[in-house]
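Below is one structure; the comments refer to it alone.
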Amino acid sequence: MKIKYLGHSAFLISTKETNILIDPFIKDNPLCSLSLKELPKIDYILVTHGHSDHLGDTISIAREHSANVICNFEISLYLQKYNIKCHPMHIGGRFDFPFGNVKMTIAIHGSGIIDGNHVVYGGNPCGFILNIEDKKIYHAGDTGLTMEMKLLERENIDIAMLPIGGNFTMDLDDCVLACDFIKPKTIIPMHYDTFDLIKSHPSDLTSKLEEINLSSIKIDILKPEEEKNY
């Protein structure tokens with residue numbers, strides 16, 4: 001399995017048979033120079049919430065690739081008007097897909113969708129746990145630190161994608177506490193440096209985790225468009 005970081009909170013997860021995009025904020029993402037035409041065939045798109053830097057290019061990519069969008073029920077209703085195939089879920093739900101299992105987890109954030117001059121209700125924001133090729137991947141979405149993360153320790157997460165930028169989400173210190181709750185084997189920091197408001201220093205995670213005896217957690221700081229095998 002390969003994971004490519006596309007900047008902000010966008011990731012491409014590729015297996016031998018399936019390509020999955022999470023929060024495909026690509027075209028207007030200042031950290032990503034990849035064009036939509038350079039994407040491989042996309043089979044599934046996972047959307048954590050309705051904000052434009054996460055819903056991103058979902059509509060155009062889903063249309064071009066006939067991809068199935070996995071999202072909350074309210075976002076699926078919004079996407080129906082674009083004749084996009086969706087699989088609606090909600091917090092706590094699990095479902096078996098051809099590529100593996102997906103669970104929708106809680107996130108503390110907003111989810112409004114800007115539609116012209118209106119804001120459309122986007123349902124509850126979420127994160128996802130993906131069980132793919134014997135690996136459990138947790139994408140936290142946009143979230144503040146929450147005690148519900150303690151429940152994720154029992155999931156035995158292999159890779160946790162966690163926001164560190166602050167202001168709209170957890171910052172570095174709260175990310176460290178989240179690691180203490182979740183106990184993942186590896187973390188990939190995300191949602192930072194895209195804009196001035198969310199500047200951060202992911203290299204500081206090493207010393208901060210050592211301070212609370214969590215140095216066994218591996219930190220993979222992926223540059224935008226960097227890909228790694230897992």
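Among the listed residues Gly110, Gly123, identify the single one that is touching a helix residue (DSSP H, G or I) at 6+ places or on another chain (Cβ under 8 Å) and over 21 Å from Asp158 (Cα atoms). Checking each option against the conditions leaves just Gly123. When the criteria are applied in full, Asp43 fails the requirement of being within 20 Å of Asp134 (Cβ to Cβ) and surrounded by fewer than 19 Cβ atoms within 10 Å (Cβ to Cβ). Criterion applied to Leu205, Leu197, Leu162, Leu214 was being out of contact with any His (no Cβ under 7 Å at 6 or more places or on another chain) and under 15 Å from Ala10 (Cβ atoms), and the one residue passing it is Leu162. Close Cβ contacts (under 8 Å, 6 or more residues apart or on different chains) running from residues in the range 172-190 that are assigned to a helix (DSSP H, G or I) to residues that are crowded, with 18+ Cβ neighbours inside 10 Å and among the hydroxyl-bearing types (Ser, Thr, Tyr) comprise Leu172/Ser200; Ile182/Tyr138. Checked against the criteria, Ala178 does not count as within 15 Å of His109 (Cα to Cα) and either modelled with pLDDT of 95 or more or among the polar types (S, T, N, Q) (or both). Looking at this structure, is Thr194 within 24 Å of His51 (Cα to Cα) and hydroxyl-bearing (Ser, Thr, Tyr)? Judged against the criteria, Thr194 is a match.
The values are calculated or read from the model by the stated rules, or taken from the named source; none is laboratory data. Everything numeric here is computed off the predicted structure, so don't read it as measured data. For neighbour counting, all protein chains shown are included, and Cβ atoms are generated from backbone atoms with ideal geometry for every residue, glycine included.
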